[in-house]
1. Restricted to the stretch A:32-53, and to residues that are modelled with pLDDT under 85 and farther than 24 Å from residue B:199 by Cα, which residue is nearest to the other protein chains (Cβ to nearest Cβ)?
2. So residue B:239 fits all but one of (1) more than 21 Å from the chain's Cα centre (by Cα); (2) in a helix (DSSP H, G or I); what number is the exception?
3. One residue is enough: does the stretch B:72-89 have a residue meeting the conditions touching a helix residue (DSSP H, G or I) at 6+ places or on another chain (Cβ under 7 Å), touching a residue at least 24 places away in the same chain (Cβ under 8 Å) and closer than 24 Å to residue A:17 by Cβ?
4. State the number of residues belonging to the stretch B:50-66 that are within 14 Å of chain A (Cβ to nearest Cβ), assigned to a helix (DSSP H, G or I) and either modelled with pLDDT under 95 or over 11 Å from residue B:170 (Cβ atoms) (or both).
5. Quick check on my filter: what residues within the stretch B:28-45 are assigned to a helix (DSSP H, G or I) and surrounded by 17 or more Cβ atoms within 10 Å (Cβ to Cβ)?
6. Against the definition (within 14 Å of another protein chain (Cβ to nearest Cβ), more than 20 Å from residue B:70 (Cβ to Cβ) and in contact with a helix residue (DSSP H, G or I) (Cβ under 9 Å, 6 or more places away or on another chain)), how does residue B:210 come out, yes or no?
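The values are calculated or read from the model by the stated rules, or taken from the named source; none is laboratory data. The model shown is predicted, which means the values in this text are computed figures rather than measured ones. Note: ideal-geometry Cβ built from the backbone for every residue, glycine included; neighbour counts use all protein chains shown.
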């Protein structure tokens, strides 16, 4: 079998095709920021998760430190159990608190971690006990109207 | 009269079932006789030149223009919400998830699929396939399988090139022409496009499309009546059937892949 000019063209084609794939992978997309091998999972329970979705970012001080792995409903406590997959490079104290926040006015929801002061750190399958639920607009408006009504009521 | 039409209907149904059965057997035979396509990889490379390299121009140019149009149209709509920076997300996601694999597959079907059908149909009409059989050369192994694998290998590469070119076109129009902020364009795109969920699924789609298009094109060519009319009819059928198959498969694959997200 001899090398032909055809091989050259096909080789070029394959190389540019793979280069395009690499371009898509590196420049256009981001590899899933946290892969399973060097991460650990912690569970946080919320009364209300609002519009949080799996794969939403977990941020601490604005930096993405992990992603939401799974969301399920606990039928015993009637709470939402959110599994967070955090990067092994980042260790958080045991009394870290988690809150569901919204980026921008209509943006996606993410989980914000606020580090505590404990000397022990969170390990795999630990639970974050201090949580703050998502702000639900209807509740907010309800509270506001209730507050207004209280103000106006004759003493 | 009535009896005649019922007989015709029954006859046609039997013909369709027959054809489907033959197509399945043909496809399995192609897979079984793929050994030659890999042992004598030169054969496959030759076909990759014809169906892949020669499709490059149309794929690259179409990709560029599709990306440019997406950026223009997307900008018009996003502008009304004051979120021009999301242009990168719009262009990249629509190309990587849908337009890249689908439009590249449609172009591939009309550019390479029709050529494959015409070539094999003519080979059959001029009795080259029978001549091969006489010389104890299996035409499926020697002619069909290399073309099949060449198409399956070429299709994802072409789709990736289409998407990359489209994103470049979107960048040209969005950033260079309209003046969307370059940093926001790329960083928002990177935060929204996931490697596994979006890019890998796009590649899987294009592989499936490659299998469907080349299998249909090869079968139509192999099954074509050995006349000028027969070959031209088979070529038309290839383009129509494989385009429809691509769109239908795209719906099924999308329903499977993106059910959980957003």
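1. A:51
2. (1)
3. Checked the stretch B:72-89: at least one residue is touching a helix residue (DSSP H, G or I) at 6+ places or on another chain (Cβ under 7 Å), touching a residue at least 24 places away in the same chain (Cβ under 8 Å) and closer than 24 Å to residue A:17 by Cβ.
4. Narrowing the stretch B:50-66 to residues within 14 Å of chain A (Cβ to nearest Cβ): B:50-60, B:63-64.
Filter again for assigned to a helix (DSSP H, G or I), leaving B:50-51, B:53-60, B:63-64.
This time we only want the ones that are either modelled with pLDDT under 95 or over 11 Å from residue B:170 (Cβ atoms) (or both), so: B:50-51, B:53-60.
Counting residues in the stretch B:50-66 that are within 14 Å of chain A (Cβ to nearest Cβ), assigned to a helix (DSSP H, G or I) and either modelled with pLDDT under 95 or over 11 Å from residue B:170 (Cβ atoms) (or both) gives 10.
5. At the first step, the residues of the stretch B:28-45 found to be assigned to a helix (DSSP H, G or I) are B:28-32, B:35-39, B:41-45.
Answer for the stretch B:28-45, where residues must be assigned to a helix (DSSP H, G or I) and surrounded by 17 or more Cβ atoms within 10 Å (Cβ to Cβ): B:30, B:36, B:37, B:43, B:44, B:45.
6. Working: within 14 Å of another protein chain (Cβ to nearest Cβ): yes; more than 20 Å from residue B:70 (Cβ to Cβ): yes; in contact with a helix residue (DSSP H, G or I) (Cβ under 9 Å, 6 or more places away or on another chain): yes.
The answer is yes for residue B:210.
Yes/no matrix, rows are residues, columns are (1) touching a helix residue (DSSP H, G or I) at 6+ places or on another chain (Cβ under 7 Å); (2) within 14 Å of another protein chain (Cβ to nearest Cβ):
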{"site": "B:231", "(1), (2)": "yes, no"}
{"site": "B:234", "(1), (2)": "yes, no"}
{"site": "B:238", "(1), (2)": "yes, no"}
{"site": "B:241", "(1), (2)": "yes, no"}
{"site": "B:250", "(1), (2)": "yes, no"}
{"site": "B:255", "(1), (2)": "no, no"}
{"site": "B:258", "(1), (2)": "no, yes"}
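Residues checked against (1) farther than 30 Å from residue B:47 by Cα; (2) more than 7 Å from chain B (Cβ to nearest Cβ); (3) modelled with pLDDT under 85:
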site	(1), (2), (3)
A:1	no, no, yes
A:14	no, no, no
A:30	yes, no, yes
A:55	yes, yes, yes
A:64	yes, yes, yes
